[in-house]
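The structure appears right after this line, and notes come after that.
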Amino acid sequence: MAVNNADNTAPTAPMPPQLRAARARRQSIIKFVILLFTLGFLLVPLIAMLVFTLRHPLSGRWSLAPWVAIFTGNGETLGADLTVLWQGLGSSLALCVVTVAIMLLLMVPTMVIVHIRSRALERAIEWVATLPLTIPAIVLVVGLGPIYRWLSADVLNTNPIWLCFAYVVLVMPFAFRAIAVGLNSIDVKTLVEASRSLGASWPKVFFKVIIPNLWQSILSASFISIAVVLGEYTVASLLGRMNLQVALYQLGQSNSQISTAMSLLALLFGVVLLVALDLISGAMRKRKEGK
Amino acid sequence: MTAAIVSSAPATGKGAARSATSALAKHRQELSTVAVTIPFFAYTACFLLAPTIIVIIGAFQTRDGGFTLANFAKLAEPNTISAFVTSILVSIASSVIGAIVGGLASYALVIGTKPNGLLRRMVSAISSVLAQFGGVMLAFAFIATIGINGIGTMLIKAVTGLTVNPNWLSSLPGLITIYCYFQIPLMIIIFLPAVDSIRPQWREACESLGGNTWDYWTRVALPILAPRFISAFLLLFASAFSAYATAAALFSQRSILVPLMIQGAMRNEMDPSQQGFAQVLAFAMIIVVAIVMMLSHAVEKRAGRWQ
């Protein structure tokens with residue numbers, strides 16, 4: 001209000017400093033209210049999850065039993081069979097490794113060379129790599145069904161590890177963006193020309209010059225892929241294969257406390273990964289600004 | 001071939017043979033660039049293009065492989081229509097709430113803070129986790145909060161004596177609330193860069209030209225932010241519309257959303273009356289999301305003029 005009055009009395013003069021301070025104060029109140037509301041909404045379910053794991057829903061007794069069960073690997077005291085959970089966790093972790101490996105092999109060399117040589121091909125790759133954002137996983141899985149039926153019957157087997165082929169497609173848009181940011185922040189062309197003119201072979205240029213300059217974006221592409229793979233449920237459940245989320249869902253039917261505790265752990269792991277990602281991208285920004 | 005290369009090479013007076021070899025080398029380089037991309041395109045052809053084509057062909061196929069449009073008749077059935085209406089309603093409502101709350105939160109994160117302040121970095125890190133936090137875990141979070149034995153349910157009962165309807169989570173408002181849980185963080189991630197592009201100098205310029213807060217918002221900030229806001233909203237819509245896992249974990253039997261209906265159709269694929277139904281639904285989803293994405297690109301292009 002004060003601001004409006006000031007503007008009416010002195011329409012062309014800049015605002016006096018004390019009014020600007022008043023506006024800053026008002027802004028900070030608005031800011032505080034908005035953030036309190038938003039963070040409150042986001043944090044309440046997380047806190048509820050934590051309390052839920054500590055307090056038995058029916059008897060109301062407080063105990064650390066679900067956490068003990070997870071960390072000792074023995075759910076018998078709670079009458080839960082944790083083998084499903086370990087199976088799921090194991091295959092999800094293996095899927096993370098394989099998916100990241102395929103993703104890096106497929107994307108990094110291609111993106112680097114295309115970035116140097118052909119703008120048109122780079123755009124084509126960008127278009128294809130971000131396409132999975134337009135085709136929802138639930139749609140993809142309808143088409144993947146026959147492909148996986150054929151793969152598991154005639155070529156491979158029903159091991160959940162083969163989900164990696166579908167997961168590479170799911171992580172592609174995120175991985176593409178992470179790597180593209182890195183490629184745009186360094187002058188790849190000059191680096192390559194300099195090392196080539198100094199007599200380095202192509203593999204040497206790639207492994208000794210480009211990869212060391214890109215490792216931050218390679219790491220962030222890997223982290224975001226891991227986060228996506230650990231949270232994936234749609235493809236695994238509809239193709240009838242076990243992974244962490246499918247196991248959590250199955251366990252949730254019999255013991256919701258343990259699966260809630262495990263979800264919290266997975267979430268915590270995600271936070272750690274993405275905070276690391278934030279630190280990495282912070283370092284990248286700094287380097288770019290420093291240039 | 002050689003003649004064509006020679007004639008296209010610039011006639012700078014150098015030996016024709018030399019420019020021919022360099023042109024050949026260039027040609028070879030181009031070929032090798034294309035060759036490098038083959039694994040990538042071959043892979044995406046197998047696991048992205050092929051499934052999409054299988055969906056599209058399947059939507060037009062009879063049981064014995066002939067062409068038909070009959071599968072689409074199922075789209076007009078009341079069940080299917082109501083699933084689409086519910087899906088679109090939930091997506092629109094959660095995107096509107098998500099876009100507004102997330103937009104305000106991004107604004108609150110930007111004003112009066114340093115670009116790399118701790119609060120801002122913390123919130124954006126949490127947001128990027130929670131935006132990915134779809135799925136089964138999200139369902140657990142809300143069951144723990146306002147499910148039958150949820151902590152929130154018990155607190156409300158202890159404090160006010162009211163009993164929360166145990167089915168509230170699986171009602172429309174409940175579903176919208178749950179979807180907002182990943183929509184708000186998603187909006188914060190998408191929209192923060194847009195709010196960042198607003199310069200404080202613009203406000204000062206507006207003031208020195210005699211504008212007040214209202215003028216600043218309606219004539220400067222909102223027109224600049226509007227295209228980015230709309231395209232972010234469309235992205236949120238697409239993400240809610242294609243979300244599957246949370247709803248699947250919450251409702252094991254009822255197919256009230258399109259993705260859940262696809263799940264049901266996939267499980268009953270052997271049933272002759274379900275022929276091509278999953279494919280038709282998936283095809284319809286592709287169309288909806290593609291329209292939304294095209295709109296979003298068009299709006300972004302407009303926004304691009306401002307940058």
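Being free of Cβ contacts under 8 Å to residues at least 60 places away in the same chain and within 14 Å of chain A (Cβ to nearest Cβ) holds for only one residue in B:ALA108, B:ALA59, B:ALA73, and it is B:ALA108. Being assigned to a helix (DSSP H, G or I), at pLDDT 80 or above and more than 30 Å from A:VAL114 (Cα to Cα) holds for only one residue in B:VAL90, B:VAL34, and it is B:VAL90. Per the listing B:GLY174, B:GLY161, the residue uniquely more than 13 Å from chain A (Cβ to nearest Cβ) and under 27 Å from A:GLY60 (Cα atoms) is B:GLY161.
Which of the residues spanning the range A:200-235 are under 30 Å from B:GLU269 (Cβ atoms) and within 10 Å of chain B (Cβ to nearest Cβ)? The answer is A:VAL228, A:LEU230, A:GLY231, A:GLU232, A:TYR233, A:THR234, A:VAL235. Set side by side, the residues B:ALA249, B:ALA221, B:ALA238 differ, and just one is closer than 22 Å to B:ILE176 by Cβ, in a helix (DSSP H, G or I), modelled with pLDDT under 85 and not aromatic (Phe, Trp, Tyr), which is B:ALA249. Annotation: A:THR158 fulfils all but one of (1) over 23 Å from A:PHE269 (Cα atoms); (2) assigned to a helix (DSSP H, G or I); the unmet one is (2).
If we scan the range A:245-265, do we find a residue that is outside any helix (DSSP H, G or I) and more than 9 Å from chain B (Cβ to nearest Cβ)? Yes; the residues of the range A:245-265 include at least one that is outside any helix (DSSP H, G or I) and more than 9 Å from chain B (Cβ to nearest Cβ).
Among the residues making up the range A:152-180, a single one is crowded, with 19+ Cβ neighbours inside 10 Å, of a type in the set (Gly, Ala, Ser) and farther than 27 Å from A:ASN213 by Cβ: A:ALA166. Scanning the range A:57-87 for residues that are surrounded by 11 or more Cβ atoms within 10 Å (Cβ to Cβ), at pLDDT 75 or above and not in a helix (DSSP H, G or I) yields A:SER63, A:LEU64, A:LEU82.
Taking (1) outside any helix (DSSP H, G or I); (2) crowded, with 16+ Cβ neighbours inside 10 Å in turn, B:ARG254 satisfies each apart from (2).
When B:GLY135, B:GLY174, B:GLY147 are checked against the criterion of being closer than 17 Å to B:PHE241 by Cα, surrounded by 23 or more Cβ atoms within 10 Å (Cβ to Cβ) and assigned by TED's automatic domain parsing to the domain that holds B:ALA83, B:GLY135 stands alone in meeting it. Does at least one position in the range A:137-147 carry a residue that is in contact (Cβ under 8 Å) with a residue 12 or more places away in the chain and under 18 Å from the mean Cα position of the chain (by Cα)? Scanning the range A:137-147, I find at least one residue that is in contact (Cβ under 8 Å) with a residue 12 or more places away in the chain and under 18 Å from the mean Cα position of the chain (by Cα), so the answer is yes. All conditions in (1) more than 32 Å from the chain's Cα centre (by Cα); (2) not in a helix (DSSP H, G or I) hold for B:ILE156, with the sole exception of (2). If you take the residues of the range B:162-202 that are in contact with a Lys or Arg (Cβ under 9 Å, 6 or more places away or on another chain) and of a type outside the set (A, V, I, L, M), which of them is modelled with the highest pLDDT? Taking the candidates together, the pick is B:PHE191.
The values are calculated or read from the model by the stated rules, or taken from the named source; none is laboratory data. Treat the numbers as computed from the prediction; the structure is a model and nothing was measured. Positions of Cβ are generated from backbone atoms using ideal geometry, with glycine treated the same way; all protein chains shown enter the neighbour counts.
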